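Below: one structure, written as structure tokens.
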Amino acid sequence: MSAPEHRTVPRRSVLYMPGSNARALEKAKSLPADGLILDLEDATAPDKKVEARDQVCAAVKAGGYGKRELIIRVNGLDTEWGADDVRAAAQVPCDAILLPKVETAAQIAELVSLMDGADPRTRIWCMIETPLGVLNAKEIASAHPWVSCFVMGTSDLTKDLHAQHTSMRLPMLTSLGICLLAARAYDLAILDGVYLDLDDADGFRGSCVQGLELGFDGKTLIHPKQVEPCNEVFAPSAEAVEHARRVIAAYEAAVAEGKNVVLVDGKLVENLHAEMARRLVEFAAAISAAS
């Protein structure tokens, strides 16, 4: 399998879809989510695991999901289904295999050993949802070139920490920060955890804003109605894009004149600001191209 291709991929909204629900898999083709996690683990009952595996793999093979990323969440490798899940997922053109409860680099090595013959574009995504997983985030992020994304499992993590779900998620900030540092240090994407209260639209939006401010690429979701507000929060506004373009133009003009800094709207702009502006413009273009 080749090394990861470095390109900007929108991951504002990545929606979990139960692999055992054929109607949900079909409906997902019309949802505006950037990515879909076709779930063989938590969302699938034990007596439906094998059926769900076959159904998900058939759906990925059949296609029809447009430019959405397709990720298959397998069962843990310590379960009776995990190894067969990985072998099956490796034979279909999914974008990634998501391994739950990753805690060590050894788990990644075991996963890779089961991915023989995988589609060249298939990557490894890691659920970080236990205290040990957080503490080993650096080891996991650097375990293999195919590892390309962390997915925060904040519900399980909250349980294991004996913490509480709060509006500002203060009990989570240390864990989120450690994983963000590891992801950025090793050039991984990283997605925020789910928001469980489907009736709390304001709370959900606040959680999205907080995730954006912390530095997450997007958020994992549990219901289609969360997709559009999540996309809105994590997408740069037209005003932000226009301002970024002005920053880039002003800085490039300054450099052409032999200067390293310039004022834009009364604020000092140097190279780091121009880099941030280019990233924002590139991200906006990627969203437009994917829609």
When you scan region 246-259, do you find a residue that is surrounded by 14 or more Cβ atoms within 10 Å (Cβ to Cβ), touching an Asp or Glu at 6+ places or on another chain (Cβ under 8 Å), without any contact (Cβ under 8 Å) to a residue 60 or more places away in the chain and within 25 Å of Gly19 (Cβ to Cβ), even just one?
no
Gln164 being assigned by TED's automatic domain parsing to the domain that holds Gly206 and over 20 Å from the mean Cα position of the chain (by Cα):
yes
Identify all residues within region 194-220 that are of a type in the set (A, V, I, L, M) and under 19 Å from Leu180 (Cα atoms); write none if there are none.
Val194, Val209, Leu212, Leu214
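Per-residue answers, yes or no, for (1) closer than 19 Å to Met152 by Cβ; (2) in contact with a Lys or Arg (Cβ under 9 Å, 6 or more places away or on another chain):
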residue: Ala90; (1), (2): no, no
residue: Val102; (1), (2): yes, no
residue: Ala106; (1), (2): no, no
residue: Pro120; (1), (2): no, no
residue: Glu129; (1), (2): yes, yes
Single match in Ala22, Ala43 (criterion: more than 30 Å from Ser288 (Cβ to Cβ), surrounded by fewer than 23 Cβ atoms within 10 Å (Cβ to Cβ), assigned by TED's automatic domain parsing to the domain that holds Asp217 and in contact with a strand residue (DSSP E or B) (Cβ under 6 Å, 6 or more places away or on another chain))
Ala43
Requiring at least 2 residues that are over 22 Å from the mean Cα position of the chain (by Cα), the helices (runs of 4 or more DSSP H) wholly within region 200-291 are 238-256, 271-290
Within region 69-123, which residues are among the β-branched types (Val, Ile, Thr) and either part of a loop (DSSP other than H, G, I, E, B) or not assigned by TED's automatic domain parsing to the domain that holds Val151 (or both)?
Val74, Thr79, Val92, Val102, Thr104, Thr122
Check region 249-260 and report whether any residue there is of a type in the set (Val, Ile, Thr), in contact with a Lys or Arg (Cβ under 7 Å, 6 or more places away or on another chain) and not assigned by TED's automatic domain parsing to the domain that holds Ala182.
no
Answer with yes or no whether Ala52 is assigned to a helix (DSSP H, G or I) and under 21 Å from Ala235 (Cα atoms).
no
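The values are calculated or read from the model by the stated rules, or taken from the named source; none is laboratory data. All values derive from a computational prediction rather than experimental measurement. Cβ sites come from the backbone with ideal geometry, for glycine too, and all protein chains shown count toward neighbours.
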